[in-house]
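Working notes, structure below.
The values are calculated or read from the model by the stated rules, or taken from the named source; none is laboratory data. Worth saying up front: this structure is predicted, and the values here are computed from it rather than measured. Methodologically, a virtual Cβ is constructed for each residue, glycine included, from the backbone with ideal geometry; neighbour enumeration extends over all protein chains shown.
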Amino acid sequence: MPKYFGTDGIRGVYGAELTDETAFRTGAALAAYFKGACVTGRDTRASGEALQEALTAGLLYGGASVKTAGILPTPAVSMLTRASGAACGVMISASHNPPQYNGIKVFGGEGIKLTGRQEEAVEYLIDNPEAGGPRGSASRFAGAREFYVESFSECGTRDALKGLNVLLDCGFGAAGGVAREVFESLGAGVVSVNDTPRGDLINVGCGALHIEKLQITNHKLQMRDELTINN
């Protein structure tokens, strides 16, 4: 039975189930287990910066080199991990949960979620930390955002959405900084809402659990277009 990992990483209310100490110990455990470079990213939650700093400190304590990609969606961290040849990747996010929650999502070098056995091994190292070795190094992942956005057109999907109009609810999360550009690069006409970086409002009355708000916005846009055509 997992002690820390749930269905999608380590998750909980920040300051209660999930603390900076947990993030530090997880970082040290990942450094000991993967023994290589790590790519990290986070969403817009207020607790994200502190958790990322604690995680990075743990990774450095364990001797890992860390590339920080900044605020990006979870799939970006997965892709950047694989593309850069890193041993693992970590996303600080609690997905669709409200602002008081946060989480630590871990990917292996292929950008894929850990297996149950890998999670068990990491959990053992969280509770039984190894002594720190030579301190690792940390740097910014230069051009991470641009690399992620450009990857869509470079993989043969250019104009894949041409002729479609898309309404995006970014939920005040990490996708707000890239979603419009990605969809437009694929040829779609885009209207985006809740696309500013507001960690205090992330998923509050918006996002994946509040699709009715998106439906209302879509209805208003349709009415506006009909009025424009009729006039």
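Of the numbered conditions (1) within 18 Å of the chain's Cα centre (by Cα); (2) closer than 26 Å to ASN102 by Cα; (3) acidic (Asp, Glu), GLU212 fails exactly one; give the number of that condition.
(1)
Being among the aliphatic types (A, V, I, L, M), free of Cβ contacts under 8 Å to residues at least 24 places away in the same chain and assigned by TED's automatic domain parsing to the domain that holds ALA31, is that true of even one residue in region 123-130? Please lay out each step first, then the result.
The initial filter retains those residues of region 123-130 that are among the aliphatic types (A, V, I, L, M), namely 125-126.
Filter once more, so that each one left must be free of Cβ contacts under 8 Å to residues at least 24 places away in the same chain: none.
No, there is no match, as no residue in region 123-130 is among the aliphatic types (A, V, I, L, M), free of Cβ contacts under 8 Å to residues at least 24 places away in the same chain and assigned by TED's automatic domain parsing to the domain that holds ALA31.
Residues that are touching a helix residue (DSSP H, G or I) at 6+ places or on another chain (Cβ under 8 Å), within 20 Å of ARG42 (Cα to Cα) and assigned to a helix (DSSP H, G or I): does region 123-145 have at least one?
Scanning region 123-145 turns up at least one residue that is touching a helix residue (DSSP H, G or I) at 6+ places or on another chain (Cβ under 8 Å), within 20 Å of ARG42 (Cα to Cα) and assigned to a helix (DSSP H, G or I).
Enumerate the pairs (first residue in region 185-209 and surrounded by 14 or more Cβ atoms within 10 Å (Cβ to Cβ); second residue anywhere and modelled with pLDDT under 90 and of a type in the set (Lys, Arg)) with beta-carbon separation below 6 Å, excluding pairs fewer than 6 apart on the same chain, so at least 6 apart or on different chains.
Once the first residue is surrounded by 14 or more Cβ atoms within 10 Å (Cβ to Cβ) and sits in region 185-209, its partners that are modelled with pLDDT under 90 and of a type in the set (Lys, Arg) give GLY187/LYS162; CYS206/LYS213.
Here is a yes/no grid of residues against (1) under 28 Å from ALA83 (Cβ atoms); (2) modelled with pLDDT of 95 or more; (3) more than 20 Å from the chain's Cα centre (by Cα):
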{"position": "ASP8", "(1), (2), (3)": "yes, no, no"}
{"position": "VAL13", "(1), (2), (3)": "no, yes, no"}
{"position": "ASP20", "(1), (2), (3)": "no, yes, no"}
{"position": "PHE24", "(1), (2), (3)": "yes, yes, no"}
{"position": "ALA31", "(1), (2), (3)": "yes, yes, no"}
{"position": "GLY41", "(1), (2), (3)": "yes, yes, no"}
{"position": "SER47", "(1), (2), (3)": "yes, yes, no"}
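Just the residues that are crowded, with 21+ Cβ neighbours inside 10 Å and touching a strand residue (DSSP E or B) at 6+ places or on another chain (Cβ under 8 Å), please, taken from region 46-59.
Passing the criteria: SER47, GLY48, LEU51, GLN52, LEU55, THR56, LEU59.
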